1. Using modelled amide H (1.01 Å from N, peptide plane; none on Pro or chain starts), what sits under 5 Å from the amide H of residue 217, excluding residues fewer than 5 places away?
2. Please figure out what share of the DSSP beta bridges in the chain is antiparallel and state it in percent, rounded to the nearest 5.
3. Cα axis of helix 124-136 to longest principal axis of the chain: angle in degrees, 0 to 90, nearest 10?
4. Mind checking the dipole of region 2-100: about its Cα centre, +1 per Lys or Arg Cβ, -1 per Asp or Glu Cβ, Debye to the nearest 20?
5. Is there a quick way to get the dipole size of the chain? I mean about its Cα centre, with the Cβ of Lys and Arg at +1 and of Asp and Glu at -1; what is the value in debye to the nearest 20?
6. Mean-square fluctuation check for the chain, GNM, Cα pairs under 10 Å: which of 140, 165, 295 is largest?
7. Which value, in nm² and rounded to one decimal, describes the direction-averaged projected area of the C-alpha convex hull of the chain?
8. Evaluate the Kirkwood expression for the hydrodynamic radius of region 282-345, namely the inverse of the mean inverse distance over all pairs of different C-alpha atoms, and round to one decimal in Å.
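Bear in mind that the values in this text are calculations on the coordinates, not laboratory data. Since this is a predicted model, take the numbers as computed values, not measurements. Cβ sites come from the backbone with ideal geometry, for glycine too, and all protein chains shown count toward neighbours.
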Amino acid sequence: MKILLIFTGGTISMVRNPATDALRPADMDTFKATVPELEAGEITVDMLSFDPLIDSSDVVPENWALMAQTVYDNYDKYDGFVVLHGTDTMSYSASALSFMLENLHKPVIFTGSQLPVGVLRSDAKENLLTAIEIAAAKDKQGRAMVPEVCVFFENHLFRANRSTKQNAEHFEAFASNNYPSLAKAGVHIFYREHLIHRAQEDAPLRLHVKTDPHVAVLKLFPGITKDVVAAVLNTPGLRGVVLETYGSGNAPSFDWLYECLKDAIDRGIIIVDKTQCSAGRVEMGRYEVSLPLMKAGVLSGHDITTEALLAKMMCLFGELGNDNDQIRRLLDTSLAGEITCSDEFFSPTTL
Ligand code: ASP
């Protein structure tokens, strides 16, 4: 079994800078020396490092493209891939790769840690070694057990585009609030095979690395002014907006808000309604206060995460250019398991 470890940076690989006492990225050799287990097991682990290694706060869509391209270029040589990544933007990168790698038949498992690998109480080794085991796991038919882009952290395996960083301090840093975990690691790793997505068997892997970053997040709050909304919606070059609304997708029923949104949509900007709640879905039309959004042409984000929605928009705008009809259709479709259609939402089979 052969796994490629793609090293991008993050706390997992950091050392303390004695001059400032702050953590900064170290290098691959220092990391290797701290984890001798990588060379001791039955799984062959090759490593490939970004140069320079980066804190994930510095990650930009070009880095997503490089990660996806690296998987694509090495696809036939390995059984699976583990991406070492900072936790801060891990869910954005992992979501982006779930859209960039269409028809994936091999695991791409993102992981990192809350404490650097050299620290005694670090969660790094456990996360890394289990992620490698998951990336190498096969089912009874000899197929990859989890042929998806995932995030593995503190014993839970999540679908990448359902994950979100929920805690800055706890080892249990990630959650997947609208989709159950795909596996749970204890003494044994217990896979929930019925929840794992499989691409059509004979469909070849396709790479889509073009992105367009002209998107924005507009979070509503009581007292938000027309000037703030108008400033965001009049950003030069803007293509898409994640509108973070209340509850099941509600917004203030002020005329000026409707007019600003309608005007933006008439100018070709795509606006998607995403609830500010960390769990649950948008149900436009349930309350009267969401009707103006529908009338203006705002799309439902269903139960998508903000991270996945931003990444999906950037990928669709990059790949499809100005084909807004197609982009609107695909935003309303699950491409990589990122949204749940209403009739299967939290049905007993998915719990
Ligand atoms: N700032 C770090 C990063 O995201 C945090 C971490 O890795 O946990 O790269």
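1. HN-HN under 5 Å from residue 217: 242.
2. On the way: 18 of 50 bridges.
Percent antiparallel among DSSP bridges in the chain is about 35.
3. Here the helix axis deviates by roughly 90 degrees.
4. 120
5. Charge dipole, the chain, about its Cα centre: 340 debye, nearest 20.
6. Of 140, 165, 295, the Gaussian network model singles out 140 as fluctuating most.
7. Convex hull of Cα atoms, orientation-averaged projection: 19.0 nm².
8. Result for region 282-345, one decimal place: 12.8 Å.
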